[in-house]
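Some notes on the structure that comes next.
Nothing in this text is a laboratory measurement; each read-out follows from the coordinates by a stated rule. Here the structure is a predicted model, which means the values were calculated and not measured. Heads up, the Cβs are rebuilt from the backbone with ideal geometry, glycines too, and the neighbour counts pull from every protein chain shown.
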Amino acid sequence: MFIWKGNLRSQRLLTLSSYDVMKSHRCIISIDVTLSVFGVALGEQQEQSQNDSELTRTFASSFSNPWLLLMKQHYRNLLATAILGAVCWQKSNGIFMSVFLIVLPLESMAHGLFHELGNCLGGTCVGYAVVIPTNFCSPDGQPTLLPPEHVQELNLRSTGMLNTIQRFFAYHMIETYGCDYSTSGLSFDTLHSKLKSFLELRTPDGPRHDTYVLYYSGHTHGTGEWALAGGSALRLDTLLEWWREKNDSFCSRLIIVLDCENSQPWIKEVRKVRDQYVAVQGAELAKVVDIDEADPPHLGDFTREWVEYNCNPDNDISWFDKGRTVKARQHVCPNG
């Protein structure tokens, strides 16, 4: 009986040791494959980047979403290795000790690397811009075209806004869904279709984008509503309702950038949002300006300075300077 019991124990130890070695080999292979893919992707991004700062932006915007979310689950391998090592601990088995002491530090190092990258890097982002160059509004709320003598000046300013916001998208590696420009305004149905398509965009790998940036410049009512063709208007509640339909079970962020005369109502209203991650960045244009000291502000001035502030590290723009005719105002909902 004693001899058989001893043989059974020996067979059991041998089985556990073999299983542990197989598990360790699987973990090593998993680490090698993950690090290999990580290295290949990093190399591809580095080849496309000309300097370190560009590499950082590229890596943060286009690499992190699909892979780092997957890599952060690597802790399961680390936990499984630690538990298996504790259950099958064999201090007298040299093979077990050597494999265990090799695998555990490697997995710990990989887990720490992926976890830090996941925390410090941003995610994928997609942007959509709408520019409706109308400064006048009829009593029924329908935008009307500017007088002929001002059309050329407005077109040049609006074209400059489009180029500027595209610079912002390109600098921060934001995927561009589109930049719509209409001198006659957009109908509610047209804008509804475009915004719904924009808000349901996903990455090529399947998950939703981490951030959606929506830019608008055009006429607004005193309550902040976007003035659309046909006397219709887009309210913030309506936009958030569309956003909830697409983002109800996800944690993506919506950032709304407004270069218009009445952005303050939306900035205040977004404070009431509790169930989504939404932020509004808007312009505050001075109502009364001493033309002897400064030129009156126009739509587009905020976009130009805001993009310069966010894309040029050497800029000298200070939004808190006294006497500024264009100021930046923003608010992030409590969840953000």
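Among the residues of segment 226-281, write down those that are closer than 23 Å to residue 301 by Cβ and in contact with a Pro (Cβ under 9 Å, 6 or more places away or on another chain).
Passing the criteria: only 227.
Please pick out the residue among 230, 222 that is more than 22 Å from the chain's Cα centre (by Cα) and over 26 Å from residue 284 (Cβ atoms). Explain how you work it out, then say what you get.
Details: 222 fails: over 26 Å from residue 284 (Cβ atoms).
Result of the check over 230, 222: 230.
For every residue, the table says whether it meets (1) surrounded by 19 or more Cβ atoms within 10 Å (Cβ to Cβ); (2) not in a helix (DSSP H, G or I); (3) not acidic (Asp, Glu).
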{"position": "153", "(1), (2), (3)": "no, no, no"}
{"position": "159", "(1), (2), (3)": "no, no, yes"}
{"position": "177", "(1), (2), (3)": "yes, yes, yes"}
{"position": "191", "(1), (2), (3)": "yes, no, yes"}
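Pick from segment 314-328 the residues that are surrounded by 10 or more Cβ atoms within 10 Å (Cβ to Cβ) and without any contact (Cβ under 8 Å) to a residue 40 or more places away in the chain: which of them is nearest to residue 261 (Cα to Cα)?
Kept after step one, since they are surrounded by 10 or more Cβ atoms within 10 Å (Cβ to Cβ), are these residues of segment 314-328: 315, 317, 319, 324-328.
Subsequent filtering for residues that are without any contact (Cβ under 8 Å) to a residue 40 or more places away in the chain retains 315, 317, 319, 324.
Details: 315: 25, 317: 21, 319: 17, 324: 15 Å.
Checking each candidate, the answer is 324.
Whether any residue in segment 233-243 is in contact (Cβ under 8 Å) with a residue 40 or more places away in the chain, touching a strand residue (DSSP E or B) at 6+ places or on another chain (Cβ under 7 Å), under 23 Å from residue 167 (Cβ atoms) and outside any helix (DSSP H, G or I) is what I want to check.
no
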